[in-house]
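Peer 1: Before I ask anything, let me first share the structure, which is written out below as C-alpha coordinates.
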Amino acid sequence: MQWIIKLDEALARLSSMCGWVACLAMLLMVANVFYDVIARYAFSEVSIGLQEMEWHLFSVVFLLGIPYALRTDGHVRVDVFYAQWSNKTRAWVNLTGALLFVIPFAWLIGIYGYDFTLDSYSLGEGSGDPGGLPHRWVIKSLIPFTALFIAIAGLNMATYALRVLSGEKQYDEESNGEGLT
(Lines give C-alpha, C1' and ligand atoms only; values in the text may rest on other atoms or scores of the structure.)
Protein backbone atom coordinates (compact mmCIF):
# COMPACT_ATOMS: atom_id res chain seq x y z
CA MET A 1 0.00 0.00 0.00
CA GLN A 2 2.99 2.30 0.54
CA TRP A 3 3.68 2.40 -3.21
CA ILE A 4 0.11 3.62 -3.88
CA ILE A 5 0.64 6.47 -1.41
CA LYS A 6 3.89 7.53 -3.09
CA LEU A 7 2.36 7.20 -6.57
CA ASP A 8 -0.73 9.14 -5.51
CA GLU A 9 1.35 11.98 -4.07
CA ALA A 10 3.62 12.14 -7.14
CA LEU A 11 0.63 12.22 -9.50
CA ALA A 12 -1.00 14.90 -7.34
CA ARG A 13 2.12 17.06 -7.67
CA LEU A 14 1.99 16.79 -11.47
CA SER A 15 -1.68 17.79 -11.55
CA SER A 16 -1.00 20.66 -9.14
CA MET A 17 1.80 21.80 -11.45
CA CYS A 18 -0.76 22.00 -14.25
CA GLY A 19 -2.87 24.22 -12.01
CA TRP A 20 0.04 26.55 -11.34
CA VAL A 21 0.85 26.83 -15.05
CA ALA A 22 -2.83 27.52 -15.80
CA CYS A 23 -2.86 30.19 -13.09
CA LEU A 24 0.26 31.83 -14.50
CA ALA A 25 -1.24 31.73 -18.01
CA MET A 26 -4.39 33.39 -16.64
CA LEU A 27 -2.34 36.21 -15.13
CA LEU A 28 -0.45 36.65 -18.41
CA MET A 29 -3.72 36.63 -20.31
CA VAL A 30 -5.18 39.33 -18.06
CA ALA A 31 -2.06 41.47 -18.55
CA ASN A 32 -2.20 40.87 -22.30
CA VAL A 33 -5.87 41.86 -22.55
CA PHE A 34 -5.29 44.91 -20.34
CA TYR A 35 -2.40 46.06 -22.53
CA ASP A 36 -4.36 45.34 -25.71
CA VAL A 37 -7.38 47.36 -24.53
CA ILE A 38 -5.24 50.31 -23.43
CA ALA A 39 -3.29 50.27 -26.69
CA ARG A 40 -6.46 50.06 -28.77
CA TYR A 41 -8.58 52.69 -27.06
CA ALA A 42 -5.95 55.10 -25.75
CA PHE A 43 -3.46 54.99 -28.63
CA SER A 44 -5.47 53.50 -31.52
CA GLU A 45 -2.86 50.77 -31.90
CA VAL A 46 -3.95 47.24 -32.77
CA SER A 47 -1.76 44.15 -32.60
CA ILE A 48 -3.08 41.02 -34.28
CA GLY A 49 -0.31 39.03 -32.59
CA LEU A 50 -1.42 40.16 -29.12
CA GLN A 51 -5.04 39.38 -29.93
CA GLU A 52 -4.06 35.88 -31.04
CA MET A 53 -1.92 35.50 -27.93
CA GLU A 54 -5.11 35.99 -25.89
CA TRP A 55 -6.68 32.82 -27.25
CA HIS A 56 -3.37 30.98 -27.05
CA LEU A 57 -3.17 31.81 -23.35
CA PHE A 58 -6.84 30.96 -22.88
CA SER A 59 -6.09 27.56 -24.43
CA VAL A 60 -3.35 27.01 -21.86
CA VAL A 61 -5.69 28.02 -19.03
CA PHE A 62 -8.47 25.75 -20.22
CA LEU A 63 -6.39 22.73 -21.22
CA LEU A 64 -4.15 22.68 -18.16
CA GLY A 65 -7.03 23.57 -15.88
CA ILE A 66 -8.71 20.25 -16.68
CA PRO A 67 -6.13 18.01 -14.95
CA TYR A 68 -6.09 20.38 -11.99
CA ALA A 69 -9.91 20.28 -11.75
CA LEU A 70 -9.80 16.49 -11.80
CA ARG A 71 -7.18 16.50 -9.03
CA THR A 72 -9.09 18.87 -6.80
CA ASP A 73 -12.39 17.09 -7.47
CA GLY A 74 -13.75 20.29 -9.03
CA HIS A 75 -15.06 18.69 -12.21
CA VAL A 76 -18.71 18.52 -13.20
CA ARG A 77 -20.89 15.68 -11.97
CA VAL A 78 -24.28 15.23 -10.36
CA ASP A 79 -23.43 16.43 -6.86
CA VAL A 80 -27.06 16.14 -5.79
CA PHE A 81 -26.52 12.38 -5.57
CA TYR A 82 -22.77 12.33 -4.96
CA ALA A 83 -22.96 14.51 -1.84
CA GLN A 84 -25.30 12.03 -0.17
CA TRP A 85 -23.09 9.01 -0.73
CA SER A 86 -20.59 7.54 1.70
CA ASN A 87 -16.85 7.89 1.14
CA LYS A 88 -16.64 4.28 -0.03
CA THR A 89 -19.40 4.77 -2.63
CA ARG A 90 -17.74 7.98 -3.83
CA ALA A 91 -14.45 6.14 -4.10
CA TRP A 92 -16.01 3.38 -6.19
CA VAL A 93 -17.68 5.96 -8.46
CA ASN A 94 -14.40 7.86 -8.87
CA LEU A 95 -12.37 4.68 -9.42
CA THR A 96 -14.81 3.40 -12.03
CA GLY A 97 -15.11 6.79 -13.71
CA ALA A 98 -11.35 7.25 -13.88
CA LEU A 99 -10.66 3.79 -15.31
CA LEU A 100 -13.62 3.56 -17.70
CA PHE A 101 -14.01 7.16 -18.82
CA VAL A 102 -11.20 9.59 -17.97
CA ILE A 103 -8.18 7.52 -18.98
CA PRO A 104 -9.68 6.11 -22.24
CA PHE A 105 -10.95 9.60 -23.15
CA ALA A 106 -7.48 11.02 -22.54
CA TRP A 107 -6.03 8.32 -24.78
CA LEU A 108 -8.42 9.32 -27.60
CA ILE A 109 -7.57 13.00 -27.18
CA GLY A 110 -3.88 12.13 -27.23
CA ILE A 111 -4.08 10.04 -30.41
CA TYR A 112 -6.16 12.53 -32.37
CA GLY A 113 -4.39 15.55 -30.87
CA TYR A 114 -1.02 14.15 -31.88
CA ASP A 115 -2.14 13.73 -35.49
CA PHE A 116 -3.72 17.19 -35.40
CA THR A 117 -0.42 18.67 -34.20
CA LEU A 118 1.65 16.77 -36.79
CA ASP A 119 -0.63 17.97 -39.60
CA SER A 120 -0.26 21.55 -38.40
CA TYR A 121 3.52 21.20 -38.17
CA SER A 122 3.91 19.56 -41.59
CA LEU A 123 1.78 22.26 -43.22
CA GLY A 124 3.79 25.00 -41.51
CA GLU A 125 0.49 26.38 -40.26
CA GLY A 126 0.50 29.91 -38.95
CA SER A 127 -1.87 32.78 -38.66
CA GLY A 128 -3.74 33.80 -41.77
CA ASP A 129 -3.74 37.41 -40.62
CA PRO A 130 -0.88 39.83 -41.29
CA GLY A 131 1.03 40.37 -38.06
CA GLY A 132 -0.41 37.18 -36.56
CA LEU A 133 1.54 34.51 -34.74
CA PRO A 134 3.48 31.93 -36.76
CA HIS A 135 3.89 28.28 -35.82
CA ARG A 136 0.35 27.46 -34.82
CA TRP A 137 1.49 23.88 -34.18
CA VAL A 138 3.09 25.08 -30.94
CA ILE A 139 -0.25 25.78 -29.27
CA LYS A 140 -1.83 22.74 -30.90
CA SER A 141 0.90 20.56 -29.39
CA LEU A 142 -0.56 21.37 -26.00
CA ILE A 143 -3.53 19.11 -26.84
CA PRO A 144 -1.64 15.79 -26.70
CA PHE A 145 0.37 17.00 -23.69
CA THR A 146 -2.88 17.85 -21.95
CA ALA A 147 -4.16 14.38 -22.77
CA LEU A 148 -1.14 12.96 -20.97
CA PHE A 149 -1.83 15.16 -17.94
CA ILE A 150 -5.53 14.22 -18.00
CA ALA A 151 -4.54 10.55 -17.98
CA ILE A 152 -2.19 11.27 -15.07
CA ALA A 153 -5.01 13.05 -13.23
CA GLY A 154 -7.32 10.10 -13.97
CA LEU A 155 -4.74 7.72 -12.57
CA ASN A 156 -4.47 10.05 -9.58
CA MET A 157 -8.25 9.84 -9.12
CA ALA A 158 -7.92 6.06 -9.10
CA THR A 159 -5.02 5.96 -6.62
CA TYR A 160 -6.79 8.41 -4.32
CA ALA A 161 -9.96 6.30 -4.51
CA LEU A 162 -7.91 3.24 -3.53
CA ARG A 163 -6.58 5.17 -0.54
CA VAL A 164 -10.16 6.08 0.44
CA LEU A 165 -11.26 2.46 0.06
CA SER A 166 -8.41 1.38 2.32
CA GLY A 167 -9.63 3.86 4.95
CA GLU A 168 -6.48 5.97 4.92
CA LYS A 169 -8.04 9.04 3.23
CA GLN A 170 -11.50 10.49 2.82
CA TYR A 171 -13.31 12.97 0.62
CA ASP A 172 -13.97 16.41 2.07
CA GLU A 173 -17.39 16.35 3.72
CA GLU A 174 -17.69 20.10 4.21
CA SER A 175 -17.82 20.95 0.50
CA ASN A 176 -20.45 18.44 -0.68
CA GLY A 177 -17.85 15.98 -1.84
CA GLU A 178 -15.69 18.48 -3.69
CA GLY A 179 -12.07 18.60 -2.74
CA LEU A 180 -9.71 16.01 -1.43
CA THR A 181 -8.28 15.80 2.09
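Peer 1: Filter the stretch 31-69 down to the residues that are assigned to a loop (DSSP other than H, G, I, E, B) and of a type in the set (Asp, Glu) and list them by number.
Peer 2: Glu45
Peer 1: Identify all residues within the stretch 1-35 that are surrounded by 14 or more Cβ atoms within 10 Å (Cβ to Cβ) and touching a Ser or Thr at 6+ places or on another chain (Cβ under 7 Å); write none if there are none.
Peer 2: Ile4, Leu7, Asp8, Leu11
Peer 1: Here are the criteria: (1) of a type in the set (Val, Ile, Thr); (2) in contact with a helix residue (DSSP H, G or I) (Cβ under 8 Å, 6 or more places away or on another chain); (3) modelled with pLDDT of 90 or more. Tell me which single one Thr96 does not satisfy.
Peer 2: (2)
Peer 1: Would you point out which residue out of Leu148, Leu165, Leu155, Leu123 is surrounded by 18 or more Cβ atoms within 10 Å (Cβ to Cβ) and of a type in the set (A, V, I, L, M)?
Peer 2: The conditions single out Leu155.
Peer 1: Looking only at the stretch 58-75, decide whether some residue is more than 24 Å from Leu14 (Cα to Cα) and not aliphatic (A, V, I, L, M).
Peer 2: no
Peer 1: Condition first: in contact (Cβ under 8 Å) with a residue 60 or more places away in the chain and part of a helix (DSSP H, G or I). Now tell me which residues in the stretch 110-144 satisfy that.
Peer 2: Ile139, Leu142, Ile143, listed by residue number.
Peer 1: Moving to a separate point now. Could you give every pair whose Cβ atoms fall below 9 Å, whose first residue belongs to the stretch 19-38 and is closer than 17 Å to Gly49 by Cβ, and whose second residue is among the β-branched types (Val, Ile, Thr), counting only separations of at least 6 or pairs across chains?
Peer 2: Going by the 9 Å Cβ cut-off, the qualifying pairs are Ala25/Val60; Ala25/Val61; Leu28/Val60; Met29/Val60; Met29/Val61; Asp36/Val46.
Peer 1: Right, next: Take the residues of the stretch 37-58 that are aromatic (Phe, Trp, Tyr) and under 31 Å from the mean Cα position of the chain (by Cα): which is surrounded by the fewest Cβ atoms within 10 Å (Cβ to Cβ)?
Peer 2: Taking the candidates together, the pick is Trp55.
Peer 1: Right, next: From the list Ala106, Ala69, exactly one residue is surrounded by 15 or more Cβ atoms within 10 Å (Cβ to Cβ) and in contact with a His (Cβ under 7 Å, 6 or more places away or on another chain). Which is it?
Peer 2: Ala69
The values are calculated or read from the model by the stated rules, or taken from the named source; none is laboratory data. The structure displayed is predicted, hence computed values, not measured ones. All Cβ positions, glycine included, derive from the backbone under ideal geometry; neighbour counts span all protein chains shown.
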